[in-house]
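Every read-out reported here was derived from the displayed coordinates using simple, explicitly stated rules and does not represent laboratory data. All values reported here derive from a predicted model rather than from experimental measurement. Ideal geometry is used to build each Cβ from the backbone, glycine not excepted, and the neighbour counts take in all protein chains shown.
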Amino acid sequence: MTWRRNCVAFLFVLLVQSVAQDIRSFMMSKIAGWQFNCASTTCLPFSTLIVSDIFKCELTCLAQVQCEAISFHQSTTKCELFANMTNQNGNMLANIDVVTMIVLDQTRFASVKVLAAQWNPSGTTMAGNPSGTAGVGASQLNAPYVLRLDSSNALYIADMNNNRIQKWIIGNSSGVTVAGQADGTSGATSTTLNAPVGFAIDSSNNLYIADRSNYRVMYWANGASSGSMIAGTGSTGSANNQLNNPNAIERVSSSGTLYISDRENQRIMQYLDGASSGTVVAGGNGAGTGSNQLWDPFGFTLDSSTNSLIIANYNAHTVVRRVIGDTSWTLLAGITGVSGSSSILLNNPVGVAVDQYGNIYVADSGNHRIQFFLVGQSEATTIAGVSGSAGTSATQLNYPYGVTLDSQFNLYVADTSNNRVQRFARY
């Protein structure tokens with residue numbers, strides 16, 4: 001019996017920080033429904049323990065240099081660790097309760113923090129119509145863009161074409177309008193919005209909204225029926241107190257400082273708390289591919305661990321890092337000015353997220369996929385969507401924009417042209 005003939009193997013990469021000066025990285029094959037079955041001492045587990053789930057079993061193996069395979073018993077959560085399994089391919093017994101995983105390749109390198117990278121390729125619709133139909137009803141969305149999770153894991157969604165921000169309790173069939181008008185009315189008053197694309201949320205669930213087509217940022221207190229303008233003037237311009245299609249916004253909780261993607265001005269603006277005028281912290285030198293330029297910075301996120309902005313450079317087909325205070329960016333993903341669908345290329349990236357370990361998640365909109373870049377790596381893995389294939393099935397996306405993670409690293413995607421929000425569960 002061989003792995004190839006009898007087992008369907010799923011490959012993924014795992015990395016974890018060790019207690020030593022470096023970490024172990026390996027690739028494993030996942031084989032459900034089989035366990036090791038032999039009497040040789042080289043085929044017996046060197047350690048057996050009870051863990052909470054298969055993820056903890058994987059991490060335990062990562063922490064043991066000699067570990068080359070695991071068997072996880074789902075009914076008892078027993079985790080068995082094996083060494084020297086290279087020649088045990090034929091010693092397998094069918095057991096539906098067991099998931100066996102075998103190390104295929106491994107390395108050791110300088111210490112960084114990352115996590116297990118594997119998500120269910122089939123998404124679940126959390127908001128909007130699974131079929132992709134747009135609408136203005138409480139159970140519908142129309143071009144959702146940025147999305148956020150609050151401390152209780154309620155979803156907040158920038159429902160752009162409905163000119164509103166929706167709050168959606170996970171598991172509910174409809175949302176509640178928390179900013180703008182529930183009927184989708186647009187406007188430039190204190191109670192209306194016009195194509196809100198991005199927003200930030202603070203610990204009290206107050207909102208800071210990039211009101212794109214009104215060229216302003218609105219502060220909307222939790223529970224309020226109206227907002228107040230805190231950045232921009234309401235008219236387009238390139239002065240430091242003006243905005244031109246603000247697209248995304250981040251807020252520093254400790255200081256109240258706002259960072260705003262001023263897309264048509266090709267820059268990221270910094271507004272100190274209470275300031276009426278901003279400072280350019282990235283771009284501002286016209287559209288282009290130079291290291292001091294941006295080219296349609298659609299989305300970005302703050303990486304507090306490096307005091308930097310990670311920016312989706314839409315028309316340059318890249319993701320770049322701009323350390324706050326520096327005069328140029330460094331390339332993180334993609335090839336400047338080159339679009340494509342390979343694992344090292346992007347096609348109009350829009351939304352971007354970073355996890356606590358420094359891994360980057362990119363909404364690669366033109367390729368209808370979400371790309372996962374391990375920290376320090378330029379080659380990505382597609383973790384949601386089918387590259388180059390737009391559609392409404394559970395495995396497909398259609399010009400995804402926003403991307404965010406919950407505390408368990410489940411992935412939420414604003415599937416913009418499908419008018420829905422999809423959740424991809426991490427295994």
Per the 1/(1 + (r/R0)^6) rule, R0 = 35 Å and r from the Cβ atoms of Val176 and Asp97, FRET efficiency to 0.05 is 0.25
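Taking the beta-carbon count within 10 Å as an exposure proxy, list Asp296, Asp159 from fewest neighbours to most.
Least to most surrounded, the residues fall as Asp296, Asp159.
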Of Gly388, Gly325, Gly402, the most mobile residue in a GNM of the chain (C-alpha springs, cutoff 10 Å) is Gly325
Percent of all alpha-carbon pairs of segment 178-283 at distances over 19 Å, whole number, is 35 percent
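Once you keep just the Cα pairs under 8 angstrom separated by 6 or more residues, what percentage relative contact order results for the chain?
Reported relative contact order: 11 percent.
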For segment 129-146, Karplus-derived ³J(HN,Hα) couplings (6.51, -1.76, 1.60; θ = phi - 60°; whole Hz; x for glycine and proline) come out as 8, x, 6, x, 6, 8, x, 10, x, 5, 9, 10, 10, 9, 6, x, 10, 6
Toy charge model, Lys and Arg Cβ at +1, Asp and Glu Cβ at -1: the chain dipole around Cα centroid in debye, rounded to 20, equals 320 debye
Taking alpha-carbon centroids only, segment 46-74 lies from segment 120-137 a number of Å equal to 36 Å
When the chain is treated as a Gaussian network with springs between alpha carbons less than 10 Å apart, the largest mean-square fluctuation among Asn194, Asn398, Asn410 is found at Asn410
When Arg369, Arg426 are ranked with the fewest other C-beta atoms within 10 Å first, the list becomes Arg426, Arg369
Calculated from DSSP helices alone, with each H run of at least 4 adding -39500 (n - 2.57) and the total divided by the residues of the chain, [θ]222 nm to the nearest 500 comes to -1000 deg cm²/dmol
Exposure proxy check on Phe298, Phe409: fewest-to-most Cβ neighbours within 10 Å is Phe409, Phe298
PRE zone check, label point 7 Å out along Cα-to-Cβ of Ser228, amide N under 15 Å, scope segment 141-173, hits none
Descending packing, highest mean Cβ count within 10 Å first, for 356-363, 332-339 is 356-363, 332-339
Expressed as a percent, the portion of alpha-carbon pairs in segment 124-424 spaced more than 24 Å apart is 46 percent
In a Gaussian network model of the chain with springs linking alpha carbons closer than 10 Å, the residue among Gln270, Gln66, Gln140 that fluctuates most is Gln66
With label points set 7 Å from each Cα along the Cα-to-Cβ direction at Ala239 and Gln408, the distance between them in nm comes to 5.1 nm
Scoring only Lys, Arg, Asp and Glu (+1, +1, -1, -1) among other residues with Cβ under 11 Å from the Cβ of Ile201 yields 0
One finds the C-alpha centres of segment 248-326 and segment 345-373 to be spaced, in Å, by 17 Å
